Amino acid sequence: MSLLSVKNLSVILATNDGPARAVRNLNFRLNRGETLGIVGESGCGKSMAALALMGLLPERSETEGEITLDGENLLEKSDAEMCRIRGNRLAMIFQEPMTSLNPVHTVGNQIMEPLQLHRNMSDSDARAETLRLLDRVGIPNPKARIDNYPHQLSGGQRQRVMIAIALSCQPDILIADEPTTALDVTIQDQILELIQTLVREEGMSLILISHDLGVISENTDNILVMYGGAAVEMGSTAQIFDELIHPYTQGLFAAMPKLGRARARRLVTIPGTVPDLISLPAGCTFTDRCPLATDICRNTVPPNVEVKAKHFVACHHLDEARHRKTEELFS
Amino acid sequence: MTAFLLICAAISLFWTPGSAYDITITNRFLPPSADHWLGTDQFGRDIASMLMTGTQNSIVVAVVAVSIGLFIGVSLGLLAAAKRGWTEEIIMRFSDFSFAFPAILSAIMLTAILGPGGVNSILAIGLYNIPVFARLTRGSANSIWAREFVMAARASGKGRFRITFEHILPNVLSLIIVQATILFAIAILAEAALSYLGLGTQPPEPSWGRMLNEAQTLMFLDPMQAIYPGLAIAIAVFGLNLLGDGLRDVLDPRLSRKR
Amino acid sequence: MTTESHPVPVLEVHDLVRHYRLPRESLLAEPGHVFALNGVTFEIYKGKSFGIVGESGCGKSTLARNVMALEPTDSGSVKILGKEVVGLSFDQLRPLRRHFQMVFQDPYGSLDPHHNVGRIVAEPLAALGPISKAERESRVRNVLQSVGLKPHDVSKYPHEFSGGQRQRIAIARALITHPELIIADEPVSALDVSVQAQVLNLLKDLQDEFGVTYMFISHDLAVVEYLCDEVAVMYLGEIVEKGRTEDLFNTPAHPYTRILLDAVPKPGSGQKRERIKLKGNVTGQTERRVGCSFQDRCPMAQDICREVKPPLSPVAADHLAACHFSDTVMKTG
Amino acid sequence: MSVFIAKRVLTLLATLIGASIVIFLVMEILPGDPALVILGVDASDEAVRALTIELGLDRPPLERYWDWMTGILTGELGNSYAYKVPVWELVEGALLITIPLALMSITLSIVLALSIGLYAAANHNKAGDITLMGISQLGISVPNFWLAILLIILFAIELRWLPAGGFPGWKEGFWVCLKALLLPSLALATVVGAILARITRSSVLEVFREDYVRTARAKGLSQQATLWRHVLRNALIPVLTVTGIQFSALLTGTVVVENVFHIPGLGSLVLKAINNRDTIVVENVVLLLATMIIVVNFVVDILYAVIDPRLKAHDI
């Protein structure tokens, strides 16, 4: 049995302009020790899916479907029960290391908090464990840093503190939502490497969320590509980069400038802009920008077809998408 | 509510149910009736008429006082933000310690020297409004100056004063309008307080604050007289506060929808 | 240098220095300084794109503001079309402004929400002096068309547009005076990948059409490689390497460039490569060291790096680097 | 930190001196000869001249300002023009009433504000929140002296629970005095408390949207625990700012409300002094009130640094 399985997960946000379907019918599984990357552009629902897992969606929202952790459906749990799971079995790190730490508490106190909450540690035990954690996440001179306030640390160091908080109770699953987007490339490199090492050594599972295909490609076993709240393509990382099938995945990959590629070649562009979740078509969410779109795409949700072992694509025009070159597709 | 108040004031310019000034001792302490909607006071004056005329008075004081603060304060604030450096320092230090002299305190000083009067209370409230507007304007103007579109305007070769009028002022205006309605309410309160103390509007001009003062001596005889003028003030201020909140929501769409 | 084909540099920056004073930390200590630019020199030729890459705090945005004459320069020279702009008064600068315009990073913050598109785009015309209404309108129409917006968009307001379209408006504003030079400070970093490609292609097309010169600032090496002819890598207020894009990206001569290139995650491979690692922590911009500015983080630093500052010197044709061991770096590439 | 405090203390002193200069200028240099003011417009020239010399007003302004300042430092404020007793005696008695009244009111309003604000924020958009915010909106709109009158009508005239006014003096016992100050401080605290309650609520709601609150929830902290451990301290910062600003409103409010209740505090003193044209008393009382406002704002500035560690590092 999978450690985590998500079935038909939908999230509906109430906005001032009407209900927005931030996540629609999402399905995936995650085994112990596996890493899953969720990739997509802004508003594709990747962060909302993560918050739904944590049970931390904004107030005015509804969730449907099933999120099963070790056979227990998290969506049926009360907030008090979720509090025992959050930070303990499921931990999360966020995009903005600048604002994700409380400015008025020392970093030490913020790391000690989950230890005292879930492990009932005494002050001195928690402090000793915090020193160990700070060392573990590569912060030099933990004894001095433990009593620092967040504003005294650099962005990279703050993100290390966030990782220490997430790691403190040895969770089963670590969810990292754009953990390096706000950081410089060289720091990003260090942080991703740290996450990789820790996940491997602690035997955790990882859900890594990013808009950056490069980050996802180098750090995950499996990939889930989202667009407009829906999963459009899913499979093992190697297989997906071997053969991109869904028109959106193809377009996204081709639109990205890549180091070392001939610069004379023009970038492929996907026409139009990232969609507004309120006015998406009922069928395939990519319809409005897709060169292959027909009437069926607009009205009928495309089935999830397993094109190869464990490589799923949701598209009505699979054959055409597979056999036409990306440049041809978007020209 | 504010509109109702304005209408009251406007009507009272031409017509009141009775006279706010005529003293008819025989009509003292009449209960409310068709002739005297809210009854009469200890001198037989019609309370409803006094209230309506008092509205005028409050509005005039508040308008003038807020305008003084608005024009001087906003100009100083814009100047401070545009010039930075020591100009800003001087203006802000100045407004810093003007904060130590709230309206009533400066009115006390002024009246101690110049004697009580309506003009002095306007001046005192107006003076108090200057630093309030100056601070608000400078604070938000500074944040606008830091925006990229201002940088773009400077890259277009526009000078500081042109940018102030084309970019800064329109962007801080909504905030200033909201603040003005709130200060308008505060000015009405302050005027009432000054008149109550006898430092503001002088007899025989009717004013809400003074009506309360007179009513207080009669509290044991006719408590209702102390209710009406206070209620009028509360309604006026309440209406203005609601107006301010409403304006904030209308003028600042960023609050209701982020990005 | 490349003088044969492009004899007149559109932009010449020579030994540009900019330091900011920090507020005092204590009453006794001297106030600190931020050494944002410590002597930057380069030139850009007509019709070319010059990329400036570096991480946050390397001084690239300060450089943009100084070249645009938006803040006072401490010392050095900035020549636009051969004319010195450092030290000019505001009024003297105004007529020159038509020659150099800027595109900013934030498509939300760079457009005044209270002005309509027509007014925003026409703003730089202020530098041209009085022009007729008809001329003004036709210019706005033309420039909107060339960035792919519709003529009736003039009366709309910024909030009616998406991020990518807003960036088109910002580009139209920069283009309206037919400038020689456009300074673009991270113009695509706030955009989604699919939209970023549209804007990058637009910038390329406009260069082909109008022969405009770009100074393009970015932290994204892939974007710079895609768009630029020449690149300078900045670290702590200095250019540490400069050269033609293909030379610099294929055979980097400075360890920092090498590390930057290695740190970029590349899609497709699926596997991580072995690579040189940065060591230590970021040196602040507030201290100045004897020797090389990169010494604390450099994996190959020797004694000489702590004593002698390496000059920016040629390592190959049109390729300069400031490293004592650039030969070794180039060989290991 | 040292720079922060040093800078604040310097600003405090500068502001105090600035305030005293302004008061001095307004009271003594601007039109209106104090001697003439005291004696009335019909006084003879000789009488005015004699009084001018008697009061020492013929000396140069700088010298008189210097005397005033040194007088303040030594407690020699001169004699009241009207009562011929040392000003300090008058002021001292009044201070002993006004300061407790102000402290009582501000404590009451903070207690009121925090409990209402927190309750409303915790029940965001529910009936309790909406009702409380409606009431507080009303509270803001009510003039404090009218509220004072209403309170007198209700508690003193109708219910006869509390005295309608006056102050027995501290010799009569602590509780009697507290009872006398209860209604006035209630009148003052309602308005200020209503304002602070609204600020507290909106500030708590704002902080709840911060990223670090999400971090706290992700650690497994309950909504309640997050409120106490992470939200409250951050939310207090704007509340503190407004408390500083509102203190001046509260202090001037006491001037008015003391008159409603006929309490012999600074407010009553200054009003009496104006009616008696006792400018020397007005001058000193105004300086005293201004000083209190300035000092409270200084304390607020220091409290900022205690609450928010970021401010200690770099200056504002």
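Does D:Val295 satisfy being out of contact with any Lys or Arg (no Cβ under 6 Å at 6 or more places or on another chain), surrounded by 24 or more Cβ atoms within 10 Å (Cβ to Cβ) and either in contact (Cβ under 8 Å) with a residue 60 or more places away in the chain or within 24 Å of D:Leu13 (Cα to Cα) (or both)?
No: the conditions fail for D:Val295.
Output yes when any residue across segment A:291-301 is open to solvent by 30 Å² or more (accessible area, probe 1.4 Å) and at positive phi, and no when none is.
no
So which of A:Ile67, A:Ile38 ends up being away from chain D (no Cβ under 14 Å) and in contact with a Cys (Cβ under 9 Å, 6 or more places away or on another chain)?
Matching residue, one of A:Ile67, A:Ile38: A:Ile38.
How many residues does segment C:109-133 hold that are assigned to a loop (DSSP other than H, G, I, E, B) and under 10 Å from B:Phe149 (Cβ atoms)?
Number satisfying all stated conditions: 7.
Do you know which residues across segment A:185-229 are more than 8 Å from chain C (Cβ to nearest Cβ), aliphatic (A, V, I, L, M) and touching a residue at least 40 places away in the same chain (Cβ under 8 Å)?
A:Leu194, A:Leu198, A:Val199, A:Met204, A:Leu206, A:Ile207, A:Leu208, A:Ile209, A:Ile223, A:Leu224, A:Val225, A:Met226
Testing C:Leu200 on (1) among the aliphatic types (A, V, I, L, M); (2) at the interface with another protein chain (Cβ under 8 Å from one of its Cβ atoms); (3) not in a helix (DSSP H, G or I), one condition comes back false. Which one is that?
(3)
Of the conditions (1) away from chain B (no Cβ under 12 Å); (2) assigned to a strand (DSSP E or B), C:Met102 fails just one. Which one is it?
For C:Met102, the exception is condition (1).
Would you confirm, using the coordinates I've provided, whether A:Leu56 is of a type in the set (A, V, I, L, M), at the interface with another protein chain (Cβ under 9 Å from one of its Cβ atoms), within 20 Å of D:Arg229 (Cα to Cα) and crowded, with 20+ Cβ neighbours inside 10 Å?
no
If the requirement is being of a type in the set (Gly, Ala, Ser), open to solvent by 10 Å² or more (accessible area, probe 1.4 Å), within 12 Å of another protein chain (Cβ to nearest Cβ) and without any contact (Cβ under 8 Å) to a residue 40 or more places away in the chain, which of these qualifies: D:Gly128, D:Gly165, D:Gly134?
Among D:Gly128, D:Gly165, D:Gly134, only D:Gly134 is of a type in the set (Gly, Ala, Ser), open to solvent by 10 Å² or more (accessible area, probe 1.4 Å), within 12 Å of another protein chain (Cβ to nearest Cβ) and without any contact (Cβ under 8 Å) to a residue 40 or more places away in the chain.
If D:Trp88 passes every condition in (1) open to solvent by less than 60 Å² (accessible area, probe 1.4 Å); (2) assigned to a helix (DSSP H, G or I); (3) closer than 22 Å to D:Ile21 by Cα but one, which one does it miss?
The single condition D:Trp88 does not satisfy is (1).
Could you pull out the residue among C:Val188, C:Val154, C:Val147, C:Val85 that is crowded, with 19+ Cβ neighbours inside 10 Å, more than 22 Å from C:Lys46 (Cβ to Cβ) and more than 8 Å from chain B (Cβ to nearest Cβ)?
C:Val188
Being at pLDDT 85 or above and on the phi > 0 side of the Ramachandran plot is the filter here; which residues of segment B:158-199 pass it?
none
When A:Arg266 is evaluated against the numbered criteria (1) open to solvent by 50 Å² or more (accessible area, probe 1.4 Å); (2) modelled with pLDDT under 90; (3) away from chain C (no Cβ under 14 Å), which criterion, by number, is the only one it fails?
(3)
Regarding segment B:99-120, can at least one residue be identified that is over 19 Å from the mean Cα position of the chain (by Cα) and more than 12 Å from every other protein chain (Cβ to nearest Cβ)?
no
For segment B:104-136, name all the residues that are more than 15 Å from B:Phe184 (Cα to Cα) and of a type in the set (Val, Ile, Thr).
B:Ile104, B:Ile108, B:Thr111, B:Ile113, B:Val119
Given the structure, is A:Ala182 away from every other protein chain (no Cβ under 11 Å) and farther than 25 Å from A:Arg132 by Cβ?
So A:Ala182 does not fit the description; no.
Any residue that is more than 8 Å from every other protein chain (Cβ to nearest Cβ), on the phi > 0 side of the Ramachandran plot, of a type in the set (Gly, Ala, Ser) and crowded, with 20+ Cβ neighbours inside 10 Å - is there at least one of those in segment C:65-78?
yes
Scan (1) at pLDDT 90 or above; (2) over 23 Å from C:Leu203 (Cβ atoms) for the single condition C:Thr62 breaks and write down its number.
Here C:Thr62 clears every test but (2).
So C:Val224 passes all but one of these: (1) within 12 Å of chain A (Cβ to nearest Cβ); (2) over 14 Å from the mean Cα position of the chain (by Cα); (3) of a type in the set (Val, Ile, Thr). Which condition number does it fail?
All conditions are met except number (2).
Within segment A:79-100, which residues are facing another protein chain (nearest Cβ under 7 Å) and part of a loop (DSSP other than H, G, I, E, B)?
Answer for segment A:79-100, where residues must be facing another protein chain (nearest Cβ under 7 Å) and part of a loop (DSSP other than H, G, I, E, B): A:Gly87, A:Asn88, A:Phe94, A:Glu96, A:Thr99, A:Ser100.
Out of the residues in segment C:111-126 that are over 19 Å from C:Ser146 (Cβ atoms) and facing chain B (nearest Cβ under 7 Å), which is most open to solvent (accessible area, probe 1.4 Å)?
Here the answer is C:His114.
Mind listing whichever residues of segment C:301-318 are of a type in the set (A, V, I, L, M) and touching a Cys at 6+ places or on another chain (Cβ under 9 Å)?
Hits for segment C:301-318 are C:Ala301, C:Ile304, C:Val308, C:Val315.
Please return the ranges of helices (runs of 4 or more DSSP H) entirely within segment D:215-306 where 1 or more residues are at positive phi.
none
Considering each of A:Thr285, A:Thr249, A:Thr273, A:Thr294 in turn, give the residue that is closer than 20 Å to A:Val39 by Cβ, away from every other protein chain (no Cβ under 13 Å) and not aliphatic (A, V, I, L, M).
From the options A:Thr285, A:Thr249, A:Thr273, A:Thr294, the qualifying one is A:Thr285.
Quickly run through segment A:1-30 and pick out the residues that are in a strand (DSSP E or B) and of a type in the set (A, V, I, L, M).
Once the filter is applied, which keeps residues that are in a strand (DSSP E or B) and of a type in the set (A, V, I, L, M), segment A:1-30 yields A:Leu4, A:Val6, A:Leu9, A:Val11, A:Ile12, A:Leu13, A:Ala14, A:Ala20, A:Ala22, A:Val23, A:Leu26, A:Leu30.
Any idea which of A:Leu117, A:Leu75, A:Leu90 is open to solvent by 40 Å² or more (accessible area, probe 1.4 Å) and touching a strand residue (DSSP E or B) at 6+ places or on another chain (Cβ under 6 Å)?
Among A:Leu117, A:Leu75, A:Leu90, only A:Leu75 is open to solvent by 40 Å² or more (accessible area, probe 1.4 Å) and touching a strand residue (DSSP E or B) at 6+ places or on another chain (Cβ under 6 Å).
Out of C:Gly47, C:Gly51, report the one residue that is modelled with pLDDT of 80 or more and touching a Cys at 6+ places or on another chain (Cβ under 7 Å).
It is C:Gly51.
The values are calculated or read from the model by the stated rules, or taken from the named source; none is laboratory data. Values in this document were obtained by computation on a predicted structure and should not be read as measured data. Every residue, glycine among them, receives a Cβ derived from its backbone with ideal geometry; neighbour counts consider all protein chains shown. Areas reflect the complete protein model, heavy atoms only, side chains present, ligands, DNA and RNA absent. Shrake-Rupley method; radii C 1.70, N 1.55, O 1.52, S 1.80 Å.
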